[in-house]
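*Asks:* There's a structure below that I have some questions on.
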Amino acid sequence: MPREGEPDKPSDFLTAVKEAAIAALVAFGLFVLLIGIRTDQGPTGALVFTTRFGALAAIVAGVFVATLLRALFWRRLTLSFGQIAPASVKNAVARLTNYAAAAFLVFALVVPIIFYGNRYLLDLGILIVTYTMLGFGLNIVVGLAGLLDLGYVAFYAVGAYSYALIAQYFGLSFWICLPLAGILAAFAGILLGFPVLRLRGDYLAIVTLGFGEIIRLILLNWQSLTGGPNGIPGIPRPSFFGLPFNNSEHGFAATFGLTYSPTHRIVFLYYIILALALLTNWVTLRLRRLPIGRAWEALREDEIACRALGVNTTTTKLTAFAMGAMFGGFAGAFFATRQGFISPESFTFTESALVLAIVVLGGMGSQLGVAVAATVMLGGFELFREFDQYRMLVFGAAMVAIVIYRPRGLVATRTPSVLLGKIKDIPAPIVRDARTETPA
Amino acid sequence: MTAHAEPLLSLRGVKAYYGNVAALKGVDVEVREGEIVALIGANGAGKSTLMMTVFGAPRARQGQIHFAGRDITALPTHEIAKLRIAQSPEGRRIFSRMTVMENLQIGATVTDAVDLGADLERVFTLFPRLRDRRHQRGGTLSGGEQQMLAIGRALMSRPRLILLDEPSLGLAPLLVQQIFAAIRALNERDKLTVFLVEQNAYHALKLAHRGYVMVNGLIALQGSGSELLRRPEIRAAYLEGGVR
C-alpha cells in the first residue's frame, strides 16, 4: 500500500496547522464567555464570579488537535478506503446493505419476544415504530413528491381526535374507527392541498407550518367538542377480535388459558403499529412502481416538464397530500388508543420537526433510511435521558456530523422503481441482454 | 410534402405576456401535417415563449391556437399534451434523479401503458446510446445523451406533432449532426410533424421544409428553408456572425 496516510509535502502540514489555528480561534471566541466565565449564587444570595480558564484552554487545545488530525489524516483515510478495498469487499458491503432491510425487519418482528419482560423497551419500541410509520407517511409527501410539509403533525392530530371522538360519541370499535380516521385525515390533506397547489419550496413550508398550528389551535379552543386543553380521557383500548385485554372472565388471557399479564396488551399494540408501518411501507413501494408514484417523483424533479408530458399536476399533488395524510391519520388513531388520553399538547410543531428530521436524516425517499433514522433519533433520545443536560448538545453535534459527512441522509441511494425482470412491459430483447450483464 | 387544407397547428394573432411585458406581439404561424418547420431568431426574440404558449404556459392573452381542428387556446397544459403534442423543452428538463427508463415511462403518461415495449424499442432504435444507459440516472448523462433522452421522452407519447426547443444547444458539432439526422429520420420514416426552435439557423433551415424568422416578438420573415437560407438579411444576421 502506498503511504496514503502520511503528509508528503510540508506545505500540506502548514495548511493543516493554519486551519487548526483558525478553528481554535473560533472555538476560543465561542467558548470564552460560555465556559471561561461562570457566575454562581454565593452564600449571601449575591452572584459570585468565577473563572474556568483551565477548562477553556483544554477545549481550545482539543479543537486545535482534532482539527489538525482531521486535516492531516481524515481525508486521506476516507479516500484510501475506496481505492484500496478490493472489488470483492465492496461487493460484500453492497450485498450486506441489501440484507440490512431484511435483518431490520426480522429484528422488529422478534422485539417483543426478546424484550418480553422489559416494559420500558417495549414502550420505546412502540414509539420508534410509530415514528417510523409517520416518517413513511411524510416520506410520500416530502421524499417522493418533493412538497416540503412542516405541518404534518396536523394529520396525526386529525387521526387521533377522529378516533377519540368517534369512539366516544358513537361507541365504534378501534378497527372500524381506524379507517375512518385515515379517511378524515386524507380529507384534511386535500383541504390543505387545494390552497397550496401553486406554492413550492419555502412558501409551501410556511403555509403548511401555519396549517399545523391552525389545527392545534382549533383543538385547543373548540372546547365543546374537543375538551380544549383538558383533552379527551378514557379513549377505548383496542380488543383482540372482541376480546378485551383485562383480567375478566371473557378477557384475552382467560380465553386462551393464560395467566393475565398487562404485557399482553403492550405486545398486541406493538404488533398493530408494526403491521400498520409495514402496510405503509408496502403501499409506498407499490405506488412507486405505478404511474402515480412515478408522477410524484417526476413532480419533485421538474413540475413544468411534468405538465408538458401530460401529467395532471393538480391531482398528483392532491393525491400525495391525501396519501401522506391518511397514513398520518392511521398513526394518530393508534396513538390515541395507545395513550388512552389525548390533548393538543401532543401535537405541537416539535412533532412535525421530529418527523421531518427523521425523513431528511434517513435520506429522502429511502424507506430503510427512515426506519434507521427513527431508531437512531428516538433511541438516542432515550439513551441520553439520564444525561439530560447533554442531550441537546449531543443531538446538535450529531446533526452537524451528518450534515458534514452524510449530507444526503443516512441511506442516500434512491432505488430505481424499474428494475430488470421485475416489470413486464420491457421488451424481451432488452431483458435478455441485460441478464447477461449482471454478474453471476 | 403533403399539403393539407387545414394546418395541423395554427397560431393566429397570438399575444402573450410575462407580467406586463409583451413577449409575443401578434404571431401567426402554421405547421402542416408531415412538415418540418423551423423557427429561428436571436436571443430573447420570443421563440421559446411561442413554443410554451402552444402548451398554455404562458397562456395566450389574445389570438387563437388550433391543433387538428380543435381550439386549444384555453386548455390546461396536461390536456394539450393528451392531444398528442409532445415537446422537448428548453434546457431539456429531464428528471435528473430518475433513471433513463423512468424518464421514458413518464413520457408515456398519455398513452395506454399496455404496449410500452414497442415505444421503448422505437426510442432505443433511434438513440442506441439510451439503451446502454437505461438504468443510469438522467443527471449523470452527457449533454448529448440528455438531449436524446428529452427527445426520446417526448416520442414516448406517440405524438402527432413534436416541438423541439434548441435541440442543438451546447452540443458538439458531431452530436448536433446526429440529433438533426434523427429528426430527419423521424420526419421521413415515421411521418412525424416537427416544429423546431433553433439558434443554429444554418442547420435548422437546411433541415426544415419551411421556416419562420422571429424578431422582437413578431414574425419578420417566412418562406421555404432553402429560400430563407439564400436571403441576404438572414445570412447577415444569423449565418455570418451578425456582421452587416
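The values are calculated or read from the model by the stated rules, or taken from the named source; none is laboratory data. Here the structure is a predicted model, which means the values were calculated and not measured. Here the Cβ is made from the backbone with ideal geometry for all residues, glycine too, and neighbour counts use every protein chain on show. Keep in mind that these areas ignore ligands, DNA and RNA; they rest on the heavy atoms of the full protein, side chains included. Shrake-Rupley method; radii C 1.70, N 1.55, O 1.52, S 1.80 Å.
*Asks:* Given a Förster radius of 60 Å and the C-beta distance between A:Thr263 and A:Ile22 as r, what FRET efficiency does 1/(1 + (r/R0)^6) yield to the nearest 0.05?
*Replies:* So, using R0 = 60 Å, E works out to roughly 0.60.
*Asks:* List the pairs from A:Lys317/B:Lys25; B:Lys47/B:Lys82; B:Lys82/B:Lys191; B:Lys15/B:Lys82 whose alpha-carbon separation is above 28 Å, in the order I gave them.
*Replies:* The pairs that break the limit, which is 28 Å between Cα atoms, are A:Lys317/B:Lys25.
*Asks:* Got the relative contact order for the range A:115-405 handy, in percent, Cα pairs under 8 Å and 6 or more residues apart?
*Replies:* 38 percent
*Asks:* Would you mind working out the accessible area per residue for the protein assembly as shown, using a 1.4 Å probe, and quoting it in Å²?
*Replies:* It amounts to 49 Å² per residue over the protein assembly as shown.
*Asks:* Follow-up. At q = 0.14 Å⁻¹, what is the base-10 log of I(q)/I(0) for the range B:112-209 according to the Debye formula with one equal point scatterer per Cα and no solvent? Please give it to two decimals.
*Replies:* So the normalised log intensities work out to -0.51.
*Asks:* For every other residue with a beta carbon closer than 14 angstrom to the beta carbon of B:Phe180, add +1 if it is Lys or Arg and -1 if Asp or Glu, then tell me the sum.
*Replies:* Result for the local shell: -1.
*Asks:* Quick one: Karplus J couplings for the range B:120-126, per residue in order, coefficients 6.51, -1.76, 1.60, θ = phi - 60°, nearest Hz, x for Gly and Pro?
*Replies:* So the J values, rounded to whole Hz, are 4, 4, 4, 5, 5, 6, 5.
*Asks:* Can I ask one more? What does the convex hull of the Cα atoms come to per residue for the range B:93-159, in Å³?
*Replies:* Value for the range B:93-159: 72 Å³ per residue.
*Asks:* List residues of the range A:242-259, by number, whose backbone nitrogen lies under 14 Å from a label position 7 Å along Cα→C-beta of A:Ile113.
*Replies:* From the range A:242-259, the list is empty.
*Asks:* Then there is this: With each pseudo-label sitting 7 Å past Cα toward Cβ, what's the A:Leu285-A:Leu14 distance in nm, one decimal?
*Replies:* 5.7 nm
*Asks:* Next up: So if we plug the beta-carbon distance of B:Ala42 and A:Phe256 into 1/(1 + (r/R0)^6) with R0 = 60 Å, what FRET efficiency do we get, rounded to 0.05?
*Replies:* 0.15
*Asks:* Select from the range A:150-223 those chymotrypsin sites (Phe, Trp or Tyr not before Pro) which occupy a DSSP coil region and have at most 16 other Cβ atoms within 10 Å, ordered by residue number.
*Replies:* Of the chymotrypsin sites (Phe, Trp or Tyr not before Pro), the ones in loops of the range A:150-223 whose Cβ has at most 16 other Cβ atoms within 10 Å are A:Trp222.
*Asks:* So if I place +1 on the C-beta of Lys and Arg and -1 on the C-beta of Asp and Glu, and nothing else carries charge, what would the dipole magnitude of the range B:93-159 be about its Cα centre? I want it in debye, nearest 20.
*Replies:* Roughly 260 debye, rounded to the nearest 20.
*Asks:* At 4 °C and a viscosity of 1.567 mPa s, what translational diffusion coefficient does Stokes-Einstein give for the protein assembly as shown, taking Rh as the Kirkwood radius over Cα pairs? Give it in µm²/s as a whole number.
*Replies:* Taking Rh from Cα pairs, D becomes 44 µm²/s.
*Asks:* The range A:135-151 to the range B:128-197: how many Å between their Cα centroids?
*Replies:* Their Cα centres are 33 Å away from one another.
*Asks:* Have a look at A:Leu122, A:Leu34, A:Leu220 and tell me which one the Gaussian network model of chain A (Cα, springs below 10 Å) gives the largest fluctuation.
*Replies:* Among A:Leu122, A:Leu34, A:Leu220, the largest GNM mean-square fluctuation belongs to A:Leu34.
*Asks:* If you count the DSSP beta bridges with both ends in the range B:143-244, what percent of them are antiparallel, to the nearest 5?
*Replies:* Rounded to the nearest five, the antiparallel share is 55 percent.
*Asks:* Using helices alone, I'd like the mean residue ellipticity at 222 nm for chain A: each DSSP H run of four-plus residues gives -39500 (n - 2.57), total over residue count, nearest 500.
*Replies:* Mean residue ellipticity at 222 nm (helix-derived): -22500 deg cm²/dmol.
*Asks:* Provide B:Lys206, B:Lys47, B:Lys25 ordered by accessible surface of protein heavy atoms (probe 1.4 Å), highest first.
*Replies:* Highest to lowest solvent-accessible surface, that is B:Lys206, B:Lys25, B:Lys47.
*Asks:* On average over all directions, what projected area in square nanometres does chain B have, based on the convex hull of its Cα atoms?
*Replies:* Its Cα hull, projected and averaged over all orientations, spans 13.0 nm².
*Asks:* Between A:Leu69 and A:Leu225, what is the label-point separation in nm under the 7 Å Cα-to-beta-carbon projection?
*Replies:* So the two model labels end up 5.9 nm from each other.
*Asks:* So, with a 1.4 angstrom probe, what is the percent of accessible area on the range B:93-159 that is carbon and sulfur?
*Replies:* Exposed carbon and sulfur together represent 48 percent of the surface.
*Asks:* Okay, moving on. Just to verify a number: FRET efficiency for B:Glu6 and B:Ala74, C-beta to C-beta distance, R0 = 22 Å, to 0.05?
*Replies:* Calculated transfer efficiency: 0.65.
*Asks:* Here is a further query. If one takes the accessible area of chain A alone plus chain B alone and subtracts that of the pair, with a 1.4 Å probe, what total in Å², rounded to the nearest 100, results?
*Replies:* 2800 Å²
*Asks:* If the viscosity is 0.692 mPa s and the temperature 37 °C, what translational diffusion coefficient in µm²/s does Stokes-Einstein give for the range A:288-400 when Rh comes from Kirkwood over Cα pairs?
*Replies:* After rounding, the answer is 195 µm²/s.
*Asks:* Suppose we keep just the alpha-carbon trace of the range A:10-84; what are its Rg and Dmax in angstrom?
*Replies:* Taking only Cα atoms of the range A:10-84, I get Rg and Dmax of 18.4, 66 Å.
*Asks:* Mean residue ellipticity at 222 nm from the helices of chain B, using -39,500 (n - 2.57) per DSSP H segment of n ≥ 4 over the full residue count, to the nearest 500 deg cm²/dmol?
*Replies:* -9500 deg cm²/dmol
*Asks:* Moving on. Please list A:Arg288, B:Arg92, A:Arg70 in order of solvent-accessible area, largest first, computed with a 1.4 Å probe with all protein chains present.
*Replies:* Sorted by accessible area, descending: A:Arg70, B:Arg92, A:Arg288.
*Asks:* What's the Kirkwood radius of the range A:115-405 in Å, using all Cα pairs?
*Replies:* Hydrodynamic radius (Kirkwood, Cα pairs) of the range A:115-405 is 19.8 Å.
*Asks:* Oh, and also: How high is the relative contact order of chain B? Use alpha-carbon pairs under 8 Å, at least six apart in sequence, and give a whole percent.
*Replies:* RCO, chain B: 26 percent.
*Asks:* In terms of solvent-accessible area of protein heavy atoms at a 1.4 angstrom probe, what is the ranking of A:Ser162, B:Ser142, highest value first?
*Replies:* Descending order: B:Ser142, A:Ser162.
*Asks:* Separate question: How high is the relative contact order of the range B:93-159, in percent, with contacts defined as C-alpha pairs under 8 Å that are six or more residues apart?
*Replies:* The value is 55 percent.
*Asks:* What is the extension gain from A:Gln389 to A:Asp123, computed as 0.36 nm multiplied by their sequence separation minus the C-alpha to C-alpha distance, in nm to one decimal?
*Replies:* Contour length minus Cα-Cα distance gives 93.4 nm.
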